Amino acid sequence: MQVSTPPLRTERRRIGRAFAGKFVLFFAAAILQFASDEVKAQPVTFTNPIVKSQSAADPWIVYHGGWYYFTATLDPSGGVWVWQSRTLAGLDEGKKVKVYDAPATGMRSRQIWAPELHRLDDRWYVYFTASDGVDENHRLYVLESRGADPLGPYTLKARLYDSTNDGWAIDPTILRARDGKLYCLWVAHVPGNGNGIRIAPMSNPWTIKGASALIAATDYDWERVRYPINEGPVALERDGKLFIVYSASDTGTPDYALGLLTHMGGDVMNVKSWKKSPHPVFSRHSGPDGNVYGPGHNGFFNSPDGTEDWIIYHGKETAEYTYENRTTRAQKFTWRADGTPDFGRPIPRGVAVRAPAGETRISVIRPNVEAVMKKKALIAGSRAFAGGAGTFGAALLNVGGGATQAVHAQTAARFEKVLTSFADHVGRCSASSMFTRNVSSTNRRAKLSNEWWRCNPISRRRTTIWD
């Protein structure tokens, strides 16, 4: 028996098809309108200082597993923090974990300075110095991770000390010699000559084994500005050559600078095995592009793709004597023909610096993130209404969504209406589950929740947008 279609239902289908066609045409026109706002790969740059939210002296950074892990003298009366970020420029907005919570009183409660993060064997270790608030009581301590995560959790493993010379000590760091042996370097008083660098062998990452030796003390006038100091040692190795880069003079002066020790062969604990460069290798800069004073207390790291060497350090923008406003900065360095490092000069605030090789970011050309997000929504909406993808979330994934799309809070508030409109039609994902606001005083941003992308996860393209 043949069943005829009611005229009203047929008319509704005809109107629906016509509406869908016009709807797609409308979205196509809108897509052209926003075509100039396409997301394109741009040369990635940043400006110093890379931490703008607070003072950050004595910086240290490690690149591991696709992430930067950063620490510094961030909370000298509270503890030690490790920050995580995909990019150097993103440190302020990255994840921040307090890995050591200082006690209210005692020998590890105050003046918590210069933490360093090192991966030794299958664990992470954080070396730092602390006191009870009296500088002369500074001693060395080490935290050990419970697992393989640089963010911890950590436990206080030990106090590091040389039983034959157990006194004031700051700036611990680790050196692994060419023969694989582990050494601890730190800064101690030198009778009659300020502060110098000592070294001692280690039986494991938390134990000094045997007596230490002094391998560097001040020899030149540029190391004695206001007070004779060699401090902040850090090992640097390339092509079989071993160096120790250190900081000299009082860090409060504009003449705080980096010096260089070159290993000439032999026992690393023998002072005669090291040759000191007679001039600073990295020092203050003043020019038409800006000023950087007191660059020092540095660390080293490699670019994400492993092809570049980078230095991280603190510096100031005032020539006045002060310990305040020492900020974290970073830049690439190169090597001379004789195998020694060439650090160049410190790069002032606001000067564009190309990001480390292998660091990727997507930039919006014009005018902002909202236009790009609207364009993606329009494309996705046309597909969803045409019945191709089934849900708005899935359609947007096909366009090239991401695990996390970040937009300004003001833009997000407006854009939520777009999402809500589509959600009303596709039904499967509610606007509340698709959109989560995460706005705080330190991060004025709103993020689309990951649940949105899980509504119909037919694709897993991940793109993060910065504006």
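Hey, among Val142, Val134, which residue is under 30 Å from Arg238 (Cα atoms) and either buried (at least 20 other Cβ atoms within 10 Å of the Cβ) or modelled with pLDDT of 95 or more (or both)?
On the way: Val134 fails: under 30 Å from Arg238 (Cα atoms).
Within the list Val142, Val134, the selection yields Val142.
All but one of (1) within 27 Å of the chain's Cα centre (by Cα); (2) in a loop (DSSP other than H, G, I, E, B); (3) aliphatic (A, V, I, L, M) hold for Ala211; which doesn't?
Status for Ala211: all satisfied but (1).
Of all the residues that make up the range 70-81, how many are aliphatic (A, V, I, L, M) and either free of Cβ contacts under 8 Å to residues at least 60 places away in the same chain or more than 22 Å from Tyr323 (Cα to Cα) (or both)?
Restricting attention to the range 70-81, the residues satisfying the condition of being aliphatic (A, V, I, L, M) are 72, 74, 80.
So of that shortlist, the ones also either free of Cβ contacts under 8 Å to residues at least 60 places away in the same chain or more than 22 Å from Tyr323 (Cα to Cα) (or both) come out as 74.
Number of matching residues: 1.
For (1) touching a helix residue (DSSP H, G or I) at 6+ places or on another chain (Cβ under 8 Å); (2) in contact (Cβ under 8 Å) with a residue 40 or more places away in the chain; (3) of a type in the set (Asp, Glu), each residue gets a yes or a no:
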site	(1), (2), (3)
Ser249	yes, no, no
His279	yes, yes, no
Pro288	no, no, no
Gly294	no, yes, no
Gly299	no, yes, no
Gly306	no, yes, no
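Is it the case, given these coordinates, that Arg238 is under 30 Å from Glu144 (Cβ atoms), surrounded by 18 or more Cβ atoms within 10 Å (Cβ to Cβ) and basic (Lys, Arg)? Can you show your working first?
On the way: under 30 Å from Glu144 (Cβ atoms): yes; surrounded by 18 or more Cβ atoms within 10 Å (Cβ to Cβ): no; basic (Lys, Arg): yes.
No.
If a residue must be touching a helix residue (DSSP H, G or I) at 6+ places or on another chain (Cβ under 8 Å) and more than 27 Å from Asp342 (Cβ to Cβ), how many such residues does the range 185-238 contain? Show your work before the answer.
First, pick out the residues of the range 185-238 that are touching a helix residue (DSSP H, G or I) at 6+ places or on another chain (Cβ under 8 Å): 213-216, 229-230.
If we keep only those that are more than 27 Å from Asp342 (Cβ to Cβ) too, we end up with 213-214.
Qualifying residue count for the region: 2.
Under 7 Å between Cβ atoms, which residue pairs at least 6 apart in sequence (or on different chains) link something in the range 188-210 that is more than 30 Å from Ser249 (Cβ to Cβ) with a partner that is aromatic (Phe, Trp, Tyr) and in a strand (DSSP E or B)?
Pro205/Tyr125
If I ask for residues that are closer than 15 Å to Ile170 by Cα and either of a type in the set (Val, Ile, Thr) or in a loop (DSSP other than H, G, I, E, B) (or both), which ones from the range 129-156 would you list? Show your work before the answer.
First, the residues of the range 129-156 that are closer than 15 Å to Ile170 by Cα: 129-142.
Within the range 129-156, Thr129, Asp132, Gly133, Val134, His138, Val142 qualify.
I need a count of the residues in the range 157-169 that are surrounded by fewer than 18 Cβ atoms within 10 Å (Cβ to Cβ) and either in a strand (DSSP E or B) or not aromatic (Phe, Trp, Tyr) (or both). Don't jump to the end; show me each part of the working.
Let us first name the residues in the range 157-169 that are surrounded by fewer than 18 Cβ atoms within 10 Å (Cβ to Cβ), namely 158-159, 163-168.
Now narrow it down to the ones that are either in a strand (DSSP E or B) or not aromatic (Phe, Trp, Tyr) (or both): 158-159, 163-167.
Qualifying residue count, the range 157-169: 7.
With the structure loaded, tell me whether Asp289 is in the same structural domain as Asp338 (by TED's automatic domain parsing), more than 30 Å from Arg354 (Cα to Cα), among the charged types (D, E, K, R) and surrounded by fewer than 17 Cβ atoms within 10 Å (Cβ to Cβ) or whether it fails that test.
Details: in the same structural domain as Asp338 (by TED's automatic domain parsing): yes; more than 30 Å from Arg354 (Cα to Cα): no; among the charged types (D, E, K, R): yes; surrounded by fewer than 17 Cβ atoms within 10 Å (Cβ to Cβ): yes.
For Asp289, the condition - in the same structural domain as Asp338 (by TED's automatic domain parsing), more than 30 Å from Arg354 (Cα to Cα), among the charged types (D, E, K, R) and surrounded by fewer than 17 Cβ atoms within 10 Å (Cβ to Cβ) - is not met.
Of the residues in the range 99-112, how many are crowded, with 20+ Cβ neighbours inside 10 Å, part of a strand (DSSP E or B) and not aliphatic (A, V, I, L, M)? I'd like the intermediate steps shown before the answer.
Step one: filter the range 99-112 for residues crowded, with 20+ Cβ neighbours inside 10 Å, giving 99-100, 108, 110, 112.
If we keep only those that are part of a strand (DSSP E or B) too, we end up with 99-100, 110, 112.
Narrowing the set further to residues that are not aliphatic (A, V, I, L, M) leaves 100, 110.
Summing the residues that are crowded, with 20+ Cβ neighbours inside 10 Å, part of a strand (DSSP E or B) and not aliphatic (A, V, I, L, M) in the range 99-112 gives 2.
Those residues that are within 28 Å of Gly265 (Cβ to Cβ) and in a loop (DSSP other than H, G, I, E, B), I need them from the range 170-193; list them, please.
Restricting attention to the range 170-193, the residues satisfying the condition of being within 28 Å of Gly265 (Cβ to Cβ) are 171-188, 190, 193.
Result: Ala177, Arg178, Asp179, Gly180, Lys181, Val190, Asn193.
Going by the conditions given, is Ala213 small (Gly, Ala, Ser) and touching a Cys at 6+ places or on another chain (Cβ under 8 Å)?
When the stated conditions are applied, Ala213 does not pass them.
Return yes when His314 is on the phi < 0 side of the Ramachandran plot, buried (at least 18 other Cβ atoms within 10 Å of the Cβ), of a type outside the set (Val, Ile, Thr) and without any contact (Cβ under 8 Å) to a residue 40 or more places away in the chain and no when it is not. Before the answer, list the steps.
Numbers: on the phi < 0 side of the Ramachandran plot: yes; buried (at least 18 other Cβ atoms within 10 Å of the Cβ): yes; of a type outside the set (Val, Ile, Thr): yes; without any contact (Cβ under 8 Å) to a residue 40 or more places away in the chain: no.
Answer is no for this residue.
Would you check if Asn195 is among the polar types (S, T, N, Q) and touching a His at 6+ places or on another chain (Cβ under 8 Å)? Walk me through how you get there before you give the answer.
Details: among the polar types (S, T, N, Q): yes; touching a His at 6+ places or on another chain (Cβ under 8 Å): yes.
So Asn195 fits the description; yes.
The values are calculated or read from the model by the stated rules, or taken from the named source; none is laboratory data. The model shown is predicted, which means the values in this text are computed figures rather than measured ones. Ideal geometry is used to build each Cβ from the backbone, glycine not excepted, and the neighbour counts take in all protein chains shown.
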